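These notes are about the structure you will find just below.
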Amino acid sequence: MRPNRTIAAALLLAAGLGAGSPGAQEKSKAIQEIEKYRAALGDDNPAELWESRGEDLWKAKRGPKNASLEACDLGLGPGVVKGAYTVLPKYFEDSGKVEDLESRLVTCMVTLQGFTPEQAKKDPFGGPGKKVPMDALVAYVAAQSRGMKMNVAGTHPKEVEAYEMGRKIFFYHGGPHDFACETCHGADDKRIRLQDLPNLTKTSDAQRAYTTWPAYRVSQGEVRSMQWRLNDCFRQQRFPELEFASPASIALTMFLAKNANGGVMNAPAIKR
Amino acid sequence: MKKKIIVASALLGAAVGCSHMASYAPVEPTNDQVKAVLKGSFREVGQAKLDRIDQDDVQRICSAASAGKALAKEDAERIEKSQLAGIKYPADGYMGDWKAGEKIAQQGTGKQYSDDPAQPAGGNCYACHELTKEEIAFGTIGPSLRNFGKVRGFTPEVQKYAYGKIYNSEAYSACSNMPRFGHMGILTEKQIKDVVALLMDPQSPVNK
């Protein structure tokens, strides 16, 4: 890792970005600063801190059963981490459910380590001054699929069902603003303010978007998972709060992940 | 474009499925099934209650239309007619203060569970529309509204149209992406008038 100074600069930048709505010129200046920051980092990505913490957590004996997660089957067999992110979400015989990475980690924390489901899901996302195991584990597992193509099967009846449900959720309009995912992510070359919006119904955009999550968010100084991404989209959609690892979140992830098949994983990425 | 890809991926899914399982075809879930899954997957926080998942006719029809079922002409006409009939016009003219309107157009908060419900909501017009020359951080989901009044004429008829369009966009264009700011209680009558002035006052920077 580079000296802490760059991280501190990023945090200062983040504070500026978060405050209110800056004027246009201020904002484009901020975007330029992020570009500079990214260039200064080169191949380094602050997400590496999460990845290495995640690897330690994967191997650490934790929970009432004092066991590691090393025997966890993420979809390619017990203990196989390399490439696992590319086949998720997937139907698992042992749980009888379609699971994405986050919900699968919860299952393994329960079955292998003896945590209760409530304990395993308690702190799904980090925040200021709070680093959580889930973010680190997600960063570690996703990073082990870098350079590999998304390859979600989606052929088991439960997987087909999840995909179809996810598709309907993507187009489900509701709330005081009538918004659906599709409102912002259903057409080519659109922006909110200056932020480009991927058209998630189009293969190339769906691939580019999905393969760069989880991501280190410079404006937040955190690695954010796909579960976090969906949670925050629904907040802005004016829906109630999407529950972590809920059936709707997994179904929607199935829709997005399968649409990204063939895209090459490059996560955790660095994003604004 | 959108429809073609989804149909293609569904066909692909079915084809791949066939090689593994003899006769499994994807079945589209009903709206009630989708609603049940959503109700079991969200929790109420602050002002955002679970009833936000309940859809009115417009949301239900437009969800089906965006998911690939073409919007029937009768449905579009029915939506526009019913929504137009519900617009409540102000008794004392359509124009407010364009300076207040500009603030409303800039403000992106309101109605999110993270927002204070005691504070007025914004219109967040710039998220999707170009308005003044000065603000270059505008989105492109909606059309440019530069010179809105200058182009259409500074007439009471256009003022009334602008008020109605902001109050309920579905009255003029079924399944529009634009929120129904008056109909859904996002903006007050006074706030809508201020935004109308932003679009229609000859002194507003929108028309400069």
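Please specify each residue of region B:62-76 satisfying the condition of being surrounded by fewer than 17 Cβ atoms within 10 Å (Cβ to Cβ) and either aliphatic (A, V, I, L, M) or without any contact (Cβ under 8 Å) to a residue 60 or more places away in the chain (or both).
Selection gives B:Lys69, B:Ala70, B:Leu71, B:Ala72, B:Lys73, B:Glu74.
Let me confirm something: among A:Val152, A:Val141, A:Val132, which residue is more than 7 Å from every other protein chain (Cβ to nearest Cβ), among the β-branched types (Val, Ile, Thr) and out of contact with any helix residue (DSSP H, G or I) (no Cβ under 9 Å at 6 or more places or on another chain)? Full working, then the answer.
On the way: A:Val152 fails: out of contact with any helix residue (DSSP H, G or I) (no Cβ under 9 Å at 6 or more places or on another chain); A:Val141 fails: out of contact with any helix residue (DSSP H, G or I) (no Cβ under 9 Å at 6 or more places or on another chain).
It is A:Val132.
Give the residues of region B:153-200 that are part of a loop (DSSP other than H, G, I, E, B) and over 30 Å from B:Asp116 (Cβ atoms), sorted by residue number.
Passing the criteria: B:Gly153, B:Phe154, B:Thr155, B:Tyr172, B:Ser173, B:Ala174, B:Cys175.
Restricting to region B:111-129, name every residue that is of a type outside the set (D, E, K, R) and touching a residue at least 60 places away in the same chain (Cβ under 8 Å).
The answer is B:Gln112, B:Tyr113, B:Ser114, B:Pro117, B:Pro120, B:Ala121, B:Gly123, B:Cys125.
Collect the residues in region A:233-272 that are of a type in the set (D, E, K, R) and free of Cβ contacts under 8 Å to residues at least 40 places away in the same chain, keeping them in residue-number order.
A:Arg235, A:Glu241, A:Glu243
Does B:Lys111 qualify as being more than 16 Å from the chain's Cα centre (by Cα) and within 20 Å of A:Arg193 (Cα to Cα)?
For B:Lys111, the condition - more than 16 Å from the chain's Cα centre (by Cα) and within 20 Å of A:Arg193 (Cα to Cα) - is not met.
Any idea which residue in region B:16-38 is farthest from A:Pro247 (Cα to Cα), counting only those that are facing another protein chain (nearest Cβ under 9 Å) and modelled with pLDDT of 95 or more?
B:Pro29
How about region A:155-168: which of its residues are under 19 Å from the mean Cα position of the chain (by Cα) and at the interface with chain B (Cβ under 8 Å from one of its Cβ atoms)? Outline the logic, then answer.
From region A:155-168, those under 19 Å from the mean Cα position of the chain (by Cα) are A:162-163, A:166-167; that's our starting set.
Those that are under 19 Å from the mean Cα position of the chain (by Cα) and at the interface with chain B (Cβ under 8 Å from one of its Cβ atoms): A:Tyr163, A:Arg167.
Does B:Ser114 satisfy the criteria of being within 13 Å of chain A (Cβ to nearest Cβ) and not aromatic (Phe, Trp, Tyr)?
yes
Does region B:113-136 hold any residues that are of a type outside the set (Ser, Thr, Tyr), touching a helix residue (DSSP H, G or I) at 6+ places or on another chain (Cβ under 6 Å) and crowded, with 22+ Cβ neighbours inside 10 Å, and which are they?
If the condition is that a residue be of a type outside the set (Ser, Thr, Tyr), touching a helix residue (DSSP H, G or I) at 6+ places or on another chain (Cβ under 6 Å) and crowded, with 22+ Cβ neighbours inside 10 Å, then B:Gly122, B:Gly123, B:Cys125, B:Leu131 are the ones that fit.
State all residues of region A:182-208 that are closer than 20 Å to B:Ala174 by Cβ and assigned to a helix (DSSP H, G or I); if no residue qualifies, say none.
A:Glu182, A:Thr183, A:Cys184
Is it true that B:Ser169 is in contact with a Leu (Cβ under 6 Å, 6 or more places away or on another chain) and either touching a residue at least 24 places away in the same chain (Cβ under 8 Å) or buried (at least 20 other Cβ atoms within 10 Å of the Cβ) (or both)?
no
Among the numbered criteria (1) in contact with a Lys or Arg (Cβ under 7 Å, 6 or more places away or on another chain); (2) facing chain B (nearest Cβ under 7 Å); (3) among the aromatic types (Phe, Trp, Tyr), which one does A:Phe171 miss?
(1)
Looking at (1) free of Cβ contacts under 8 Å to residues at least 24 places away in the same chain; (2) assigned to a helix (DSSP H, G or I); (3) of a type outside the set (Ser, Thr, Tyr), which is the one condition that is false for B:Val206?
It is condition (1) that B:Val206 fails.
Kindly indicate whether any position in region A:210-220 is facing chain B (nearest Cβ under 7 Å) and not in a loop (DSSP other than H, G, I, E, B).
no
Report yes if A:Ser219 is within 22 Å of A:Ile169 (Cα to Cα) and of a type in the set (Ser, Thr, Tyr), otherwise no.
no
The values are calculated or read from the model by the stated rules, or taken from the named source; none is laboratory data. What you see is a predicted model, and the numbers here were worked out from it, not measured in a lab. Ideal geometry is used to build each Cβ from the backbone, glycine not excepted, and the neighbour counts take in all protein chains shown.
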